[in-house]
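The values are calculated or read from the model by the stated rules, or taken from the named source; none is laboratory data. Bear in mind the structure is a predicted one, so any value in this text is a computation, not a measurement. Neighbour counts are summed over all protein chains in view; Cβ atoms, including those assigned to glycine, are modelled from backbone coordinates with ideal geometry. All accessible areas refer to the heavy atoms of the entire protein, side chains included, with ligands and DNA or RNA removed. Shrake-Rupley method; radii C 1.70, N 1.55, O 1.52, S 1.80 Å.
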Amino acid sequence: MSAPTSSKSRLEKDLERQLKDETDSRRRRDLRRELDELRREREREDARHREVAEATNELRRERDRQRALDMGSRFNIRFEKKDVPSAYLTPEGVMRALEKFVDFPGFGPRPSARPEDLRLERPPGQPSPPEDAASAYDGPVRKGMTRAEVEALCGRPLREDESQEGVLRVRVASYRRGADRIEVTYVDDVVVRVEPPTSR
C-alpha cells in the first residue's frame, strides 16, 4: 500500500496568489502565517497517511509470512531452453540442482555440481565432471526404478533405515544379490542412489 500525498487545497493556492500580489507588509505577514498553517496541516495529513500505509503493509507482510509458513517452501527450477535436460528428470537431478540451497541428510557426501554439469551439451573442450562410485555403478538396480522393481530382482532388504526429510520419505535399504551386497536409497519409494556392490 502506498501512502497518498495530499495536494494543495484551493484555499492554499488562493493564499499563495494573494501573497504574491500583496504589497502591505502586515497583510503579507498574516497571509504567510495562514499559509504556513495550511501547509503544516497538509504535512500532518501526509504523515498520518504514511503511518496507516506502514501499519497496513506490516500487517500484510505478517500475513504473508504466516501463509508461507503454513504452505512450506517452494523452489522453481527454470531453464533457458524450452526442453528440460534429461539429467533433471530424476529425483537425483532435482536434488543436485537444489543442493546449494537445500540439505538432503542421509545421502552422504556428494560431489560438487555446477549448472553446466547437467546441461545436455557441454562447452567445447570441457571434460565431463568426475563421477562418484555410486553414479558410475552400472548394475541391474538403477536410479529411477521403483521399490517393487528392485525387490523383484533382489528380494526383501537385509536392513532398512527410514527418515522423514520435510515432505520426503527417505529410506536406505541393503540387499543381498548373490555374493554382493547393494545399498539403495529411496525417496518416496523411487531409487535415487545406488551404492556399488560390496562382496561378502
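A few points about this structure:
- Residue ranking by accessible heavy-atom surface, 1.4 Å probe, largest first, among Thr185, Thr56, Thr23 comes out as Thr23, Thr56, Thr185.
- For the pair Arg78 and Asp21 in one chain, pulling the backbone fully straight at 0.36 nm per residue adds 14.0 nm over the alpha carbon distance.
- Accessible area of Met71 in the full protein assembly, 1.4 Å probe (Å², nearest 10): 150
- Across the protein chains, with a 1.4 Å probe defining accessible surface, the residues Leu98, Leu38 rank Leu38, Leu98 from largest area downward.
- The modelled label-to-label distance between Tyr88 and Glu149, using points 7 Å beyond Cα along the C-beta direction, is 2.2 nm.
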